[in-house]
Amino acid sequence: MTIRRSQELFTRAQAFMPGGVNSPVRACRNVHSDPLFIASGQGSRLTTADGETLIDFVGSWGPMILGHAHPEVTRAVQQAASRGSSYGAPCEDEVRLAEEVCAALPSVDMVRMVNSGTEATMSALRLARAVTGRDMLIKFIGGYHGHGDAFLASAGSGVATFSIPGTPGVPASTVRDTLLAPYNDLDAVRALFEAHPGEIAALFVEPVAGNMGLMLPEPGFLRGLRDLCTAHGALLVFDEVITGFRLSYAGAQGRFGITPDLTTFGKIIGGGLPVGAYGGKAAFMERIAPRGDVYQAGTLSGNPLAMAAGLATLRILKSADYDDLERRVDAFVRELEAILRGKGVPVQIPHIASMFTVYFTDRPLRGFADVQSADISLFENFYKQMRDQGVFLAPSAFEANMVSFAHEEADFAAALRAARAVRF
């Protein structure tokens with residue numbers, strides 16, 4: 001029996017890294033598969049350590065909206081690297097990227113660069129608590145805002161994938177101030193505000209949920225959240241780590257016409273390199289040290305390589321045809337759903353812009369409880385057969401798939417052929 005290179009690497013990795021990976025969902029345990037180790041990526045395709053080529057619908061979980069190894073982004077990183085990889089001091093590209101982010105989103109007057117989406121949400125929560133003088137926050141059941149302690153109460157994403165109830169190591173006192181509501185349920189949010197008058201600092205929401213799988217906001221939901229936060233003096237925080245610069249160049253807030261008080265970013269603004277950011281109205285952001293009294297720091301924040309990659313990415317996206325990509329994704333998803341329904345399985349594929357999730361259920365999808373009704377065994381079967389045919393999907397029923405501007409009609413056609421060959 002020939003041992004595959006990916007299997008060999010995974011065996012070695014498990015001896016030195018917990019579970020053999022550096023982020024849990026990558027282990028593919030919930031779909032009872034070994035992870036594929038990637039050797040390279042180009043455009044819409046990945047090449048594994050075994051030399052197999054895959055059509056990539058993961059996109060590094062979101063940042064690769066231009067596809068892998070885009071020549072302009074690669075050139076920008078190479079040029080930046082030739083000047084040094086880290087300074088521990090400001091560089092020009094930090095200023096330029098901050099200018100681009102603020103120009104793209106009217107709600108953002110100032111922005112602070114950090115190193116991950118988790119760091120961004122943790123920092124935004126600290127700022128919101130300082131601004132309001134309150135401790136409590138509202139998040140949605142199944143919503144994922146990184147692995148900061150306060151946000152791991154009923155989180156989606158990998159926590160849901162592995163059926164971990166919160167997580168050991170988080171003191172009960174830490175999540176005591178985290179209030180939970182079902183996504184798309186304004187009455188539940190209103191009840192929390194009424195039950196805790198003057199105590200809630202912020203409401204965090206993925207404007208389009210991407211970490212319980214893709215969940216669309218119902219008409220009026222986001223506007224209702226804005227109105228409730230305004231009425232009760234809490235800050236509305238949009239977690240646009242996934243949706244920022246993906247749903248539109250102005251993110252979800254531009255697409256839906258809602259103005260949050262604070263916004264968190266990640267993924268795309270680093271062009272594939274580790275990055276995060278949080279921003280908002282100057283009156284709030286000027287509370288951040290050294291201008292103000294709310295401390296937050298990071299040695300690698302504003303890293304010149306990440307800034308160069310993000311700047312190159314946003315410059316390309318500024319003139320990208322988002323509408324055309326959305327039309328192509330819509331046509332692909334509708335055909336995929338028709339193919340799967342034709343096989344007699346319950347399925348629906350909610351989608352928006354360049355994101356989609358395949359749920360094997362006929363139950364109407366409004367929140368995390370509905371997602372949990374999906375048939376995981378059908379998803380596992382589908383995932384494995386698609387992967388065997390060279391289509392790389394998110395290896396979790398609780399994640400969104402991502403499409404890039406590099407995906408061509410040939411990629412969609414090949415994925416549809418693979419779906420036609422799937423047997424249930």
#### Entry: Matching residues in the stretch 90-110 - criterion: being of a type outside the set (G, A, S), in a helix (DSSP H, G or I) and crowded, with 17+ Cβ neighbours inside 10 Å
D93, E94, L97, E100, V101
### Message
Could you check the stretch 213-251 and list, in sequence order, the residues that are in a loop (DSSP other than H, G, I, E, B) and either modelled with pLDDT under 95 or open to solvent by 10 Å² or more (accessible area, probe 1.4 Å) (or both)?
### Response
G213, L216, P217, E218, P219, G220, G233, V241, I242, S248, Y249, A250
### Query
Taking the stretch 320-358 as the search range and keeping residues that are among the hydroxyl-bearing types (S, T, Y) and closer than 17 Å to G251 by Cβ, which one is surrounded by the most Cβ atoms within 10 Å (Cβ to Cβ)?
S354
### Query
Could we say that G210 is open to solvent by less than 20 Å² (accessible area, probe 1.4 Å) and in contact (Cβ under 8 Å) with a residue 60 or more places away in the chain here?
yes
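Here's the yes/no breakdown for (1) open to solvent by 20 Å² or more (accessible area, probe 1.4 Å); (2) within 18 Å of E399 (Cβ to Cβ); (3) part of a loop (DSSP other than H, G, I, E, B):
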residue: T11; (1), (2), (3): yes, no, no
residue: Q14; (1), (2), (3): yes, no, no
residue: N22; (1), (2), (3): yes, yes, yes
residue: R26; (1), (2), (3): yes, yes, no
residue: A39; (1), (2), (3): yes, no, no
residue: I55; (1), (2), (3): no, yes, no
residue: S60; (1), (2), (3): yes, yes, no
residue: R75; (1), (2), (3): yes, no, no
### Message
Can you tell me which of (1) open to solvent by less than 10 Å² (accessible area, probe 1.4 Å); (2) touching a Ser or Thr at 6+ places or on another chain (Cβ under 6 Å); (3) among the small types (G, A, S) is the one G254 doesn't meet?
### Response
(1)
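So that you can scan it fast, the table gives a plain yes or no per residue for (1) crowded, with 16+ Cβ neighbours inside 10 Å; (2) of a type in the set (D, E, K, R); (3) within 22 Å of the chain's Cα centre (by Cα):
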position: F360; (1), (2), (3): yes, no, yes
position: R363; (1), (2), (3): no, yes, no
position: K384; (1), (2), (3): yes, yes, no
position: P395; (1), (2), (3): yes, no, yes
position: V403; (1), (2), (3): yes, no, yes
position: H407; (1), (2), (3): yes, no, yes
position: D411; (1), (2), (3): yes, yes, no
#### Entry: Verdict on T259 being assigned to a strand (DSSP E or B) and modelled with pLDDT of 95 or more
no
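The values are calculated or read from the model by the stated rules, or taken from the named source; none is laboratory data. Quick caveat, the model's predicted, so the values are computed rather than measured. Counting neighbours? That spans all protein chains shown, and the Cβs are built from the backbone with ideal geometry, glycine included. Accessible surface areas use protein heavy atoms only, side chains included; no ligands, DNA or RNA. Shrake-Rupley method; radii C 1.70, N 1.55, O 1.52, S 1.80 Å.
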